[in-house]
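Reading through the structure tokens given below for one structure.
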Amino acid sequence: QVQLVESGGGLVQAGGSLRLSCAASGSIFSIKVMGWYRQAPGKQRELVATITRSGSTNYADSVKGRFTISGDNAKNTVYLQMNSLKAEGTAVYYCKVSVGRFPEYDYWGQGTQVTVSS
């Protein structure tokens, strides 16, 4: 079993910054991808950013240039540095870890609330 613990959410003014952290623990032998997704009430969950074990990153167009995803393989931890936050960034942010090629090998965190005030 894999457990994910997210932290770092909170309330910030538009234009401000937050850093989210997600630490994975448990039966981990090979993390292939770690990423961040977000979901506003009544909305679809959407990709924010992902990072592979080798360090390759992928970002949603809406956050490119403002958000940075990074990881520490030794700590099984992924971070999301969010700068220049906008009101549309308000959502619950979820960490996901993929330990295999298929969704059955995906694990999700409990989510952390990010609220951006105007």
Thr68 being farther than 16 Å from Leu11 by Cα, at pLDDT 95 or above and either open to solvent by 20 Å² or more (accessible area, probe 1.4 Å) or not β-branched (Val, Ile, Thr) (or both):
yes
Quick check on segment 101-118: of everything there that is open to solvent by 40 Å² or more (accessible area, probe 1.4 Å) and either of a type in the set (Lys, Arg) or touching a Phe, Trp or Tyr at 6+ places or on another chain (Cβ under 9 Å) (or both), which residue is modelled with the lowest pLDDT?
Arg101
For segment 42-61, pairs from a residue that is touching a residue at least 40 places away in the same chain (Cβ under 8 Å) and within 13 Å of Thr90 (Cα to Cα) to a residue that is charged (D, E, K, R) and open to solvent by less than 90 Å² (accessible area, probe 1.4 Å), with Cβ under 6 Å and 6 or more apart or across chains, are Val48/Arg38
For Ala87, work out the one condition from (1) surrounded by fewer than 12 Cβ atoms within 10 Å (Cβ to Cβ); (2) closer than 15 Å to Leu20 by Cβ it doesn't fulfil.
(2)
Here are some conditions: (1) modelled with pLDDT of 95 or more; (2) outside any loop (DSSP other than H, G, I, E, B). Leu85 meets all but one. Which one does it not meet?
(2)
Based on what the data block shows, is Ala74 open to solvent by less than 60 Å² (accessible area, probe 1.4 Å) and either farther than 13 Å from Glu88 by Cα or not aliphatic (A, V, I, L, M) (or both)?
no
Of all residues in segment 42-55 being modelled with pLDDT of 95 or more and under 16 Å from Arg101 (Cα atoms), which is surrounded by the most Cβ atoms within 10 Å (Cβ to Cβ)?
Ile51
Within segment 20-41, tally of residues that are in contact (Cβ under 8 Å) with a residue 40 or more places away in the chain and surrounded by fewer than 13 Cβ atoms within 10 Å (Cβ to Cβ)
2
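The values are calculated or read from the model by the stated rules, or taken from the named source; none is laboratory data. Please read these numbers as outputs of a predicted model, since none were measured by experiment. Quick reminder, even Gly has a Cβ in these numbers, built from the backbone with ideal geometry, and neighbours come from all protein chains shown. Surface accessibility is based on the protein's heavy atoms, side chains included, excluding ligands, DNA and RNA. Shrake-Rupley method; radii C 1.70, N 1.55, O 1.52, S 1.80 Å.
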